[in-house]
Each structure stands twice: as C-alpha cells, then as structure tokens.
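Following: one structure in structure tokens, then a few remarks.
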Amino acid sequence: MKTLITFFILASISLLSAQSIRPGTYTIKLFSENKNINNQPSDNADLKSPCQNPCLEQIWILKIVRGKTGYLMLFAPKSNRYLTYIQIGEEKTLNTYIDMEHLLSSDKQHLQSFKIVSAGNGSYYIKPGDYDSYLTKKSNDRLYFEGAEENMDAKKWVFTTASNDIVPQKVIVNKDSPLPARNSVIVTPPSDDKKK
C-alpha cells in the first residue's frame, strides 16, 4: 500500500513539474514555425530563425514576480529589458502591441508579469497578466497579443533550456533581479561584535 501511495505521489510531482515552466534561462520558439523570439536593441521583440549556436539575442531569463504566485517576467539580457505589455486609458484596456522596457517601478511591474500556461504537447501559452489574450505573431514576424477566437496553434510556444554560460555574469548579477545569481557570493561588512 505504501509503495502504491509513493508511486502516485511521485507520478503527480512528475506530471506537475512537466507541465510548468520554472524560472531559468531559455530560448522560446513558436510551436508552429521554426522561429525564436528575438529581442532587439530597440524597444521591440520579433521572430527570427534560430541562431546556429545559441546567441544572446534569443536568450530569455524567466524570473519570479515577487508577491504574485504563478507569474513570471521575461527578461532579455542582450537588451537588458523586459517583455512589457501596454494598457490604454482609465479602463486599462490591453494594447495588442508589445514593448521592451527596463524594469518598471513596483507599482507598474504587473505590466511585465505573464502567466505561462500549458497548451499540451510540451507547448505553452504566454498570457499578459489577467487578460484573456495570448502572445502570437503578425505576418511580418512582429509579436502582439490576440484573443482566443482564432488559430490557437499560432499562440503556442516551446521553451528550451539554454545554458547560463552565454549570459554575461554582469547581467545575471543585477540589483533589481528577483532571483539570486548563479554562483553568487554575499559579502557582509566586518562585525564589531567580537566573541571571546
């Protein structure tokens, strides 16, 4: 009986971990095409064919959003910016276009918070905050948000783990980073409190 219970617990943990994206370093590919999300030095993100070797333009670091369980921030180390959505007017209507912005102040960080939801077959939907919209692409490979009315396959993304070795350490060690840096050291000033 204990063996059976242990099996179900381990199977459940395995299933949950297989269906959720964790903070880390990734490339993000459109499920229906062989194109990765590419971050531009400007304020845009678009799709490009994968680099031969992982290139910094197609690397994304997923970070935890403090105080918001189930949300992640998508950070582009090449441009040192975050994928950001735009709200319009007092009603806070979602603008379909996407920006790349530096880390926003804490009262605006919800604009850089995304839900990454399993779409099955190892693919995921990227949803802006609590909106019922999904990240997809236009015919010119620019990224934007669209509702669930049509072509859900064009809104699926595959996250592939990438090595942190491609990301310069100065980018990972960032005072605004919600996650600790890999191989980091905490330095504290010497204490005047001497024990005998």
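Remarks
- Accessible surface calculations at 1.4 Å, restricted to protein heavy atoms, place region 52-107 at 54 Å² per residue.
- Prolate/oblate/rounded label for region 53-94 (Cα gyration tensor, a/c 1.5): oblate
- Among the protein heavy atoms, those of R142 account for about 90 Å² of accessible surface (1.4 Å probe, every chain in place).
- Note, ³J(HN,Hα) from phi for region 48-60, Karplus 6.51, -1.76, 1.60, rounded to Hz, x at Gly and Pro: 9, 4, x, 5, 4, 10, x, 10, 4, 5, 10, 9, 10
- Ranked packing of 103-109, 74-80, 143-149, most packed first, by mean Cβ within 10 Å: 74-80, 143-149, 103-109
- When I166, I28 are compared by accessible area at a 1.4 angstrom probe, the order from most to least is I166, I28.
- Amide proton proximity set for N38, modelled H, under 5 Å, gap of 5+: D46, L47, K48
- Neighbourhood charge, 14 Å Cβ-Cβ cut-off, centred on E149 and excluding it, Lys, Arg +1 and Asp, Glu -1: -3
The values are calculated or read from the model by the stated rules, or taken from the named source; none is laboratory data. Worth saying up front: this structure is predicted, and the values here are computed from it rather than measured. All Cβ positions, glycine included, derive from the backbone under ideal geometry; neighbour counts span all protein chains shown. Just so you know, the surface numbers come from the protein's heavy atoms only, side chains and all, with ligands and any DNA or RNA stripped out. Shrake-Rupley method; radii C 1.70, N 1.55, O 1.52, S 1.80 Å.
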